[in-house]
Amino acid sequence: MENLSDYKEIVEIIRESGGEGFKYCYQCGLCDTVCPWNRVRSFSMRRIIRQATFGMTEIENEEIWRCTTCGRCPQRCPRGVKIIESGVALRRVATEYGVFPTPVKPIRGISASLVGEGNPLNEDRKNRGQWAQGLGVKAFSEEMEILYFPGCYLSYDPRLKKVAQATAAILKKAGVDFGILGTEENCCGESIRKTGDEALFRRLARENIKTFIDHGVKKILVSSPHCYHTFKNEYPEFMVHFEVVHMVQYLMELVDQGRLALSGEYPKKVAYHDPCYLGRHNGIYEEPRRVLEGISGLKIVEMPDTLEESLCCGGGGGRIWMETPKGERFSDLRLKQAMAVGAGVLVTACPYCISNFEDSRLTLAEGDDGKSPEIKDITEIVQEVI
Ligand code: SF4
Ligand code: SF4
């Protein structure tokens, strides 16, 4: 990497990304103590960034791709150091020089799919709205109440299409006048940005913003906390503002307004997992719990590492596209926690969490009670009781 011998550039990019606060780091190590990686292996983002700013990091070192941007360490840092932004800045340097360490090589293919088809899954753009076939879901038009933006995983992944379908069923039941963009919907770009590909993020964001404006979109309903975060907190960088609501918020609103009655029984013990990008990054903890509490027969049990201290599923920061070896998957730990509190169902509200939990469910040895919990999105439970 002789091109990167000028480490001033790295420092500069870290600064530009808002990571200049790292100079205030006094190496207390509190960030490392809360990082979920240290439950499964040794890892220190603090050390990597410190070494980088002193020109001692091999940028092709795969360790820079490990952070899931879960948000635990900045929450704990007494000096306000922007650890996530600094880590993403290092990745930007790497991607700008075309460096993709072995475990993340698939990201090259993901970028091509995002450019060509608007999704990271190598799926055809023309099939984006297929999940809604036969459900009577309309194309969005300006006079509608809300745009439903299911995102890439709910549009294509066979497991997650069920969540999009449950959402459409709930909206119809509540009499919401909604529509979708179908083939005109693009990936929001949140995760590719966190892998360091800033140019591709900006391209996807601009395309989406143009589509929203052309269609007269004002209010957007999303199922993914990653779409939520990027529309709400990152698209304003382009001087636009759309009202964004996540499905857990909208569910609570529909119930509170009397538009949706939770009349059925759900006689199960349920543990709610707070997704990082709903909870820690956006402070949404109460709404999903209030919806679940309103369901007759349902008993909520809390796991350790809940609310602000929720355990990351391992899917943020682009890690959803990277292979994590068995024995290092946070989602395995989470399923064991759910089993330990006797939950029959592990419920959440994020496609990455569901994918990782479903994988863990398949690969984990059977629990003490002989059964791993069912994995559900909150919309799937609500669909069963309306
Ligand atoms: S918690 Fe903050 S001040 Fe302490 S080592 Fe980590 S980055 Fe530095
Ligand atoms: S954001 Fe999360 S995964 Fe990344 S270094 Fe901090 S605690 Fe670790």
> How high is the FRET efficiency from residue 124 to residue 50, r the C-beta distance, R0 56 Å, rounded to 0.05?
Replying inline: 0.80
> Looking only at trypsin sites (Lys or Arg not before Pro) in DSSP loops with at most 11 other Cβ atoms within 10 Å, what is the longest site-free stretch of the chain?
Replying inline: 42-325
> Net charge near residue 160, counting Lys/Arg +1 and Asp/Glu -1 over other residues with Cβ under 10 Å of its Cβ?
Replying inline: 0
>> Can you compute the helix-only [θ] at 222 nm over the chain? Use -39500 (n - 2.57) per DSSP H run of at least 4 residues, normalise by all residues, nearest 500 deg cm²/dmol.
In response: -11500 deg cm²/dmol
>> Just want to confirm a number: the relative contact order over the stretch 186-285, from Cα pairs under 8 angstrom separated by 6+ residues, in percent.
In response: 23
> Using the alpha-carbon atoms, what tilt in degrees (0 to 90, nearest 10) does helix 330-340 show relative to the longest principal axis of the chain?
Replying inline: 50
> For the chain, what number results from the quotient of the Cα radius of gyration and 2.2 N^0.38 Å?
Replying inline: 0.98
> Across 5 Å bins from 0, what is the distribution of all Cα-Cα pair distances for the stretch 109-254, in whole percents?
Replying inline: 2, 10, 21, 25, 22, 14, 5, 2, 0
>> Between residue 169 and residue 263, what is the label-point separation in nm under the 7 Å Cα-to-beta-carbon projection?
In response: 1.6
>> Could you work out the relative contact order of the chain? I mean the mean sequence separation of Cα pairs under 8 Å and 6+ apart, divided by the number of residues, in percent.
In response: 16
>> On C-alpha positions alone, give me the angle between the axis of helix 158-173 and the longest principal axis of the chain, in degrees, nearest 10.
In response: 50
>> Counting only other residues whose beta carbon sits under 12 Å from that of residue 303, what net charge do I get with K and R as +1, D and E as -1?
In response: -1
> Hey, which lysines would be in cross-link range of residue 23, C-alpha to C-alpha under 18 Å, not counting anything within fewer than 8 residues on its own chain?
Replying inline: 8, 82
> By how many nm would the segment from residue 341 to residue 133 lengthen if fully extended, with 0.36 nm per residue of separation less the alpha-carbon distance?
Replying inline: 71.0 nm
>> Placing unit charges on C-beta atoms (Lys and Arg positive, Asp and Glu negative, everything else neutral), compute the dipole magnitude of the chain about its Cα centre in debye, rounded to 20.
In response: 400
> How many lysine pairs does the stretch 261-385 hold where the Cα atoms are under 19 Å apart and the two sit 8 or more places apart or on different chains?
Replying inline: 14
>> What does the net charge come to around residue 351 if you take all other residues with beta carbon closer than 13 Å to its beta carbon, with K and R at +1 and D and E at -1?
In response: -2
>> Under the rule a/c < 1.5 gives rounded, and otherwise a/b versus b/c splits prolate from oblate, where does the stretch 207-335 land using the Cα gyration tensor?
In response: oblate
> What is the stretch 261-385 by shape, rounded, prolate or oblate, if you read a ≥ b ≥ c off the alpha carbon gyration tensor as root eigenvalues and call it rounded for a/c under 1.5, prolate for a/b larger than b/c, and oblate otherwise?
Replying inline: oblate
> In terms of the Cα gyration tensor, with a ≥ b ≥ c the square roots of its eigenvalues, is the stretch 132-215 rounded because a/c is under 1.5, prolate because a/b exceeds b/c, or oblate?
Replying inline: oblate
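FYI, it's all coordinate maths here, none of it is from the lab. Owing to the predicted nature of the structure, the values given are computational and were not obtained by experimental measurement. Neighbour counts are summed over all protein chains in view; Cβ atoms, including those assigned to glycine, are modelled from backbone coordinates with ideal geometry.
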